[in-house]
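Written out below as structure tokens is the structure these notes cover.
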Amino acid sequence: MNWRSVATAVRDFAAQELFEVGGTSVTVASVVTFVLILMVTWWISRLLQGIVARGLRRSGLREEGTVATVRRLLHYVVLLVGLGVALQTVGINLASLFAAGAVVAVAVGFAMQNILQNFASGVILLGERSITEGDVLEVEGTLIRVERIGTRATVARTRDDEQLIIPNSSLVQSTVKNYTLADPYYRVRTRVGVTYGSDQRRVEEVLTEAAGAVPSRYEGRDPAVLLVEFGDSSVVWEASVWAEDPWTARVTRSDLNKAIWWALKDAGITIAFPQLDVHFDAGVFDASSRPSGEA
């Protein structure tokens with residue numbers, strides 16, 4: 001085997017021009033070098049992510065959502081730098097490349113406006129940390145738990161175990177209620193109406209005792225009982241307790257309702273319901289009671 005001829009053939013193959021970008025010839029060797037640099041960049045990114053994650057955990061940061069966000073941002077930065085290095089290494093001038101593709105970039109930018117908007121919103125979410133993985137949110141009237149924040153969309157799960165894919169721009173540009181931003185405590189309210197003939201002082205005592213006996217409430221904060229309205233058919237009271245997990249608020253509200261129901265029943269207090277009293281005029285009643293045909 002003639003190794004010199006083999007080396008010459010390999011060198012000629014590597015120098016073979018594939019295409020031209022911004023006045024720079026791209027050869028087989030350039031493409032191989034470009035791919036190798038990206039592979040090394042990917043490996044460096046994984047290595048740095050592991051080092052940073054271990055450093056954050058050793059410093060006392062135990063929130064996995066924060067660690068994952070830092071790792072993802074670091075990954076994007078390293079890949080962006082690696083891509084720039086790879087392009088410069090193979091001889092492609094980034095300035096001339098951007099100038100040559102400016103018109104195309106504008107057209108693509110208009111076509112991908114929503115995608116770019118969602119990507120920018122994802123970077124904002126990952127950077128601000130106002131919404132993190134595991135947070136419980138209310139979006140468009142639906143309670144969800146965030147499972148993963150991606151660069152384009154956020155994956156969440158409802159209490160009916162349905163997965164939602166929410167564009168990041170919707171979370172950044174609209175009002176979102178975050179129940180777990182500062183703490184997980186959440187107030188659960190319910191209303192009940194009692195008859196006007198009830199002893200309202202006794203009603204307040206019974207409601208306070210019932211709210212305090214709810215097993216699923218957060219005991220670090222006292223329940224509250226308020227008289228909120230004098231209705232047409234009832235005196236309306238509101239009882240509220242605090243829960244530690246907004247995700248289980250329906251269970252806590254059910255416990256509160258059942259506690260109030262049985263407490264009022266045991267105390268002999270009537271829960272009011274809408275009633276209508278109809279009064280007949282004496283002349284109308286007499287006319288309606290006459291046999292048909294009589295004047």
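The values are calculated or read from the model by the stated rules, or taken from the named source; none is laboratory data. Just so it is clear, the model here is predicted, and its values are computed rather than measured. Reconstructed Cβ throughout: ideal geometry from the backbone, glycine too, with neighbour counts over all protein chains shown. Protein only, heavy atoms only, side chains kept; ligands, DNA and RNA dropped before computing areas. Shrake-Rupley method; radii C 1.70, N 1.55, O 1.52, S 1.80 Å.
The table that follows gives values for the structure above.
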read-out	value
Selection from the stretch 135-163 of residues that are part of a strand (DSSP E or B) and buried (at least 16 other Cβ atoms within 10 Å of the Cβ)	V136, L137, V139, L143, I144, R145, V146, I149, A153, T154, A156
Top-ranked residue of the stretch 218-233 - restricted to ones that are open to solvent by less than 70 Å² (accessible area, probe 1.4 Å) and over 14 Å from T190 (Cβ atoms), ranked as nearest to the chain's Cα centre (by Cα)	Y218
Options W247, W237: the member that is at pLDDT 85 or above, open to solvent by less than 80 Å² (accessible area, probe 1.4 Å), aromatic (F, W, Y) and assigned to a strand (DSSP E or B)	W237
Subset tally (residues that are open to solvent by 30 Å² or more (accessible area, probe 1.4 Å) and in contact (Cβ under 8 Å) with a residue 12 or more places away in the chain) for the stretch 250-260	5
Identity of the residue in the stretch 194-217, under 29 Å from D245 (Cβ atoms) and not in a helix (DSSP H, G or I), that ends up most open to solvent (accessible area, probe 1.4 Å)	P215
In the stretch 165-193, residue surrounded by the fewest Cβ atoms within 10 Å (Cβ to Cβ) [restricted to those that are more than 15 Å from E229 (Cα to Cα) and among the polar types (S, T, N, Q)]	T175
